[in-house]
Amino acid sequence: QNAPKMAQLEWQRFFPSTVEVKETKEFGRGVYAREKIPRGTEILRSEPLVHVLETSAVEDYCSCCLVAREVRDQFGRTQRALKKCKKCGFVYYCGKECQTNDWLLHKRECKVLTGVKAIHEQPLWWDKDGRGDDYTAYVRLLIRMQMRTGEGCTNREIDLLCPNNTALEDQYTPHTGIPSRLAIHYLKTKIGMPGTEEELLRLHCKINVNSFGVKGQQVSTIGSGIYTGPSFLNHACDPNCAQVFEGRTLILRAIKTIQPGEQLCIAYTHLLATYKQRQTKLWNTYRFHCQCYRCLSECKQDSPYHIMYATTGENNCVYLLNCWCYYICAAYR
């Protein structure tokens with residue numbers, strides 16, 4: 001009887017007192033409101049367990065704080081005040097402090113980044129669109145997760161992440177068509193990743209279902225991160241919460257008024273996707289079929305759900321939902 005209570009206490013440390021984490025037969029682990037949460041409320045701020053930039057963004061953002069650092073020279077031209085790591089020449093930092101703070105996780109990937117670059121020379125590792133950037137970021141994220149497993153408290157956080165080990169054999173690496181076991185075997189044998197292939201595969205599964213796309217200044221994805229608390233939130237195709245970013249910090253906001261006892265949900269998929277597209281994405285990645293109100297109302301007709309919809313809140317503030325982008329009224333920031 002004490003085990004569930006201990007688990008709830010452990011889960012609760014990632015959240016404020018306004019919400020609670022509990023487990024139900026219908027939804028499994030989820031986050032629920034303890035009191036009324038007005039629309040626009042900042043519910044949570046979370047720092048990543050691990051995070052990486054996409055290869056296309058490494059020269060534009062600091063790899064530690066994920067803030068774009070720019071200065072203007074005497075002629076008014078914009079110049080980036082970022083300095084790259086002298087050892088690997090791959091990642092950039094805004095200063096010595098960020099480089100020092102990131103070194104614990106970067107020191108191992110620093111040695112293998114040359115091997116990761118070599119992967120791009122092999123067509124097997126490129127995705128259908130001819131882009132290899134996402135796979136490089138995935139490899140770096142896996143290396144950093146493996147580094148975290150050696151730390152006591154942090155290792156426990158990794159254990160709390162949903163593993164989704166129900167289909168290890170047919171899992172695929174993110175953004176590619178590469179079978180997971182083949183990718184892990186290559187990393188183990190060619191790059192020399194520490195740990196057994198089974199351990200790396202289970203870390204891969206945690207990354208696959210728990211990673212968040214980190215948004216930059218232009219509301220475009222610049223990287224990926226694992227956020228322990230926010231990963232507890234379940235999915236809905238008509239969510240009541242959305243995540244925005246300040247640097248690497250994830251901020252969870254209510255985009256609807258949430259009543260006491262109501263579950264907090266975010267979207268795992270594109271909001272503009274059709275019913276069939278959403279269900280396919282959710283099954284292939286997370287191994288579940290969504291049965292939220294929107295899906296139940298659309299299950300008999302495959303049509304887009306509001307190309308763009310807006311609701312007017314207090315003070316005539318407008319909230320827009322469009323694809324992955326959540327534009328929260330500045331009055332609530």
Taking A81 as the residue in question, decide whether it is modelled with pLDDT of 85 or more, among the hydrophobic types (A, V, I, L, M, F, W, C) and over 22 Å from the mean Cα position of the chain (by Cα). no
Some residue of region 92-112 being aliphatic (A, V, I, L, M), modelled with pLDDT under 85 and in contact with a helix residue (DSSP H, G or I) (Cβ under 9 Å, 6 or more places away or on another chain): yes
Show me the strands (runs of 3 or more DSSP E) entirely contained within region 1-62 in which 3 or more residues are under 19 Å from G225 (Cα atoms) and either under 20 Å from the mean Cα position of the chain (by Cα) or at pLDDT 90 or above (or both). 42-46, 50-53
Residue in region 190-227 that is most open to solvent (accessible area, probe 1.4 Å), counting only those that are among the β-branched types (V, I, T) and at pLDDT below 75: V219
Looking at (1) buried (at least 16 other Cβ atoms within 10 Å of the Cβ); (2) in contact with a Leu (Cβ under 9 Å, 6 or more places away or on another chain), which one does T55 not meet, given that it meets all the others? (2)
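The values are calculated or read from the model by the stated rules, or taken from the named source; none is laboratory data. Since the structure is predicted, the reported quantities are computational estimates derived from the model, not experimental observations. Glycine also receives a Cβ, built like all others from the backbone with ideal geometry; neighbour counts cover every protein chain displayed. Just so you know, the surface numbers come from the protein's heavy atoms only, side chains and all, with ligands and any DNA or RNA stripped out. Shrake-Rupley method; radii C 1.70, N 1.55, O 1.52, S 1.80 Å.
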